[in-house]
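Trainee: What follows is a single structure, and I will ask about it in a moment.
Read the figures in this text as sums done on the coordinates, not as results from a lab. Model, not experiment: these values are computed from the prediction. All Cβ positions, glycine included, derive from the backbone under ideal geometry; neighbour counts span all protein chains shown.
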Amino acid sequence: MSTEAKKGALGFRADTPGERFFNGLIAENPTLVLMIGMCPTLAVTSSAINGLGMGLATTFVLALSNAVISALRKVIPNTVRIPSFIVVIASFVTLVELLMKAYVPALNKALGVYIPLIVVNCIIFGRAEAYASKHGIVPSFFDGIGMGIGFTCAITVIGLIREFIGAGTAFDVQILGEGTVVPGAVGAFLSTYKPISIFIQQAGAFIVLAFLIAIMNKIKMNLAKKGKDTSKFGQGCCSSSEEAAADKILADKKNEKEAD
Amino acid sequence: MGETIVNLVGLMITASLVNNVVLSQFLGLCPFLGVSKKTDTALGMGGACIFVITLASLVCSLIYKFILDPLDLSYLKTIVFILVIAMLVQFVEMILKKYIVSLYQALGVYLPLITTNCAVLGVALNNVTDGYYENPLTSTLVGFATAVGFTIAIVILAGLREKMEYNDIPAPFKGMPLVLLTSGLMAIAFTGFSALK
């Protein structure tokens, strides 16, 4: 546990700002590797711009709440830490909601109820509990930035895939289908594309994410075959923990009954 | 009076089937994907959700109508609602454990899992945005209907998952991807209800 334990993600020294940043972006990407925070991932990715806006709002809340929680980690008693974290997170969410209402009203309207629902996003609470409450302010802040940017990249890409197949656009620029911006013969060929609108509807979100997770599963299997460590990969949603909790509760109940 | 009842029934059908909370609004996905392995568990989770969401809609819309709105504090609604819901879940658990033991045995085990359910907060916030808070009866009924929609969706998914458990599917699709694909097909089926609007 000497030198190896000190080593962080991708060969950086552990807990430096850079290491935290790349850890969140690549090694422990919250959406694609850890698979947490799936509700906004499905809900707001009908276009790349929505995904980008949601991702940046989440990054803002994540970085600042991580920094504040880390600064207060010695003041907050362990028994009331969960309500305290919720208050800190909810304050920043309110802040971001008001800022968005003032400066980007169109995006605020498109994202709607999902902006206040950042409060219950498991990524933010998870990072507060797993990292910020145990580490210093600077690494916690960069942990938030890294995780947030990782989340932003992932949901922007999912949004881009759905938008491209479902409406033929990329960041609201028509590329496939009628009215394409590509000129000449290539454009004429591209304009024959008929958008598959199911992909920008609700069902498309489930289908795209299903294929994305299947691809990650395949990568995980290949890594495991080569004998690499895959313990960081999640199971999807907060479900693994919730499923385990439900199973445990049911088992307890059964035991109680048998004891009676 | 007759017209209001027709209106209310319409609102409830919209909230439970047309704008299904999971399949069209993507709220409460965590329990939907996580606690849908068996029909019994899904039913319990659905029952607990109906209980908590109905109560939370009532309490949150009362708080908003009589405290936050008159005092011009509506920007505090996110903080207030999440704390109220967290307290409410604890409180309901304690009350049920002490006084209504049979209901606690049926629903109690699912209550701690509900605090993390974004559907509860989502419904409370939607009640404010859509103006249902003006009439606490409307917001309570909408909350109830939304939770019924959640129960319908999670029980159907659990039934399908039970049937598919031993199917031979490609290895990378085992587990979550298959559940997501099934939910996608259910979402397509539920868009059929939009004709009811």
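Trainee: For chain B, set up a Gaussian network in which alpha carbons nearer than 10 Å are linked by springs, and say which option among B:T182, B:T146, B:T138 fluctuates the most.
Mentor: In this elastic network of chain B, the residue with the biggest mean-square fluctuation among B:T182, B:T146, B:T138 is B:T182.
Trainee: By how many degrees, between 0 and 90 and to the nearest 10, does the Cα long axis of helix B:136-164 differ from the longest principal axis of chain B?
Mentor: With rounding to tens, the tilt is 10 degrees.
Trainee: For the stretch B:77-175, just run the numbers: alpha carbon Rg, then divide by 2.2 N^0.38 Å, N being how many residues it has.
Mentor: Computed over Cα atoms of the stretch B:77-175, the ratio equals 1.38.
Trainee: Report relative contact order for the stretch B:58-123 in percent, whole number only (criteria: Cα-Cα under 8 Å, sequence separation at least 6). Spell out each step's value before the answer.
Mentor: Numbers: 26 pairs, mean separation 19.5, N = 66.
Relative contact order here is 30 percent.
Trainee: Which order do B:I169, B:I154 fall in if you start with the one that has the fewest other Cβ atoms within 10 Å?
Mentor: Fewest to most other Cβ atoms nearby, the residues stand as B:I169, B:I154.
Trainee: Debye sum, Cα scatterers, chain B, no solvent: what log₁₀ I/I(0) at q = 0.11 1/Å?
Mentor: -0.53
Trainee: Provide the descending list of Cα extents for the protein assembly as shown along its principal axes, expressed in whole angstroms.
Mentor: Its Cα atoms span 64, 62, 54 Å along the three principal axes.
Trainee: Still on this structure, I have one more. Name the residue farthest towards the positive end of the dipole of chain B from the options B:L125, B:M186, B:A106, assuming +1 on Cβ of Lys and Arg, -1 on Cβ of Asp and Glu, about the Cα centre.
Mentor: So the residue we want is B:A106.
Trainee: Give me log10 I(q)/I(0) at q = 0.21 Å⁻¹ for the stretch A:41-109, Debye formula, one equal scatterer per alpha-carbon, no solvent.
Mentor: Results for the stretch A:41-109 at q = 0.21 Å⁻¹ read -0.89.
Trainee: In terms of the ratio Rg/(2.2 N^0.38 Å) built on C-alpha atoms, what value belongs to the stretch B:123-170?
Mentor: In units of the 2.2 N^0.38 Å rule of thumb, it is 1.77.
Trainee: From the cross-link list B:K37/B:K174; A:K134/A:K226; A:K225/B:K174; A:K220/B:K174, which pairs have alpha carbons spaced over 22 Å apart?
Mentor: From the list (B:K37/B:K174; A:K134/A:K226; A:K225/B:K174; A:K220/B:K174), the Cα-Cα distance tops 22 Å for A:K134/A:K226.
Trainee: List the relative contact order of the stretch B:85-197 as a percent without decimals, with contacts defined as Cα pairs under 8 Å and 6+ residues apart.
Mentor: 16 percent.
Trainee: In addition: Which whole-number percent of Cα pairs in the stretch B:1-75 have a distance greater than 20 Å?
Mentor: On the way: 1458 of 2775 pairs.
Here the tail beyond 20 Å accounts for 53 percent of pairs.
Trainee: Would you list B:S57, B:S74, A:S133, A:S191 from fewest to most Cβ contacts within 10 Å?
Mentor: B:S74, A:S191, A:S133, B:S57
Trainee: Oh, and also: Can you put A:F142, B:F150 in order, fewest other beta carbons within 10 Å first?
Mentor: Placing the least packed residue first, the sequence is A:F142, B:F150.
Trainee: Cut-off 10 angstrom, C-alpha nodes, Gaussian network model of chain B. Which of B:V148, B:V84, B:V21 fluctuates the most?
Mentor: Evaluated over chain B, the most mobile residue of the options is B:V84.
Trainee: What net charge is computed for the residues neighbouring A:D143, neighbours being all others with C-beta under 14 Å from the C-beta of A:D143, Lys and Arg scored +1, Asp and Glu -1?
Mentor: 0
Trainee: Springs between alpha-carbon atoms under 10 Å, Gaussian network over chain B: tell me which of B:G46, B:G131, B:G143 tops the mean-square fluctuations.
Mentor: Evaluated over chain B, the most mobile residue of the options is B:G131.
Trainee: Which ³J(HN,Hα) values, rounded to whole Hz and listed in residue order, are derived for the stretch A:95-101 from phi using the Karplus coefficients 6.51, -1.76 and 1.60 in 6.51 cos²θ - 1.76 cosθ + 1.60 with θ = phi - 60°, glycine and proline given as x?
Mentor: 4, 5, 5, 5, 4, 5, 4
Trainee: Which percent of the Cα-Cα distances in the stretch A:1-132 go past 19 Å?
Mentor: On the way: 4720 of 8646 pairs.
Pairs farther apart than 19 Å: 55 percent.
Trainee: Based on the Kirkwood radius over alpha-carbon pairs, what is the Stokes-Einstein translational diffusion coefficient of the stretch B:81-136 at 37 °C with 0.692 mPa s viscosity, in µm²/s?
Mentor: 265
Trainee: Let me ask something else about it. Between B:E3 and B:L73, how many nm apart are label points set 7 Å from Cα along the C-beta direction?
Mentor: In this crude spin-label approximation the distance works out to 3.7 nm.
Trainee: Along the positive direction of the dipole of the protein assembly as shown (beta-carbon charges: Lys, Arg +1; Asp, Glu -1; about the Cα centre), which of A:S46, A:I89, B:P172 reaches farthest?
Mentor: It is B:P172, whose Cα lies furthest towards the positive end.
Trainee: Here's something else I'd like to know. Return the sequence-ordered ³J(HN,Hα) values of the stretch B:63-79 in whole Hz as given by the Karplus equation 6.51 cos²θ - 1.76 cosθ + 1.60 applied to θ = phi - 60°, using x for Gly and Pro.
Mentor: 4, 5, 5, 9, 10, 5, 5, x, 8, 6, 10, 4, 5, 8, 4, 4, 5
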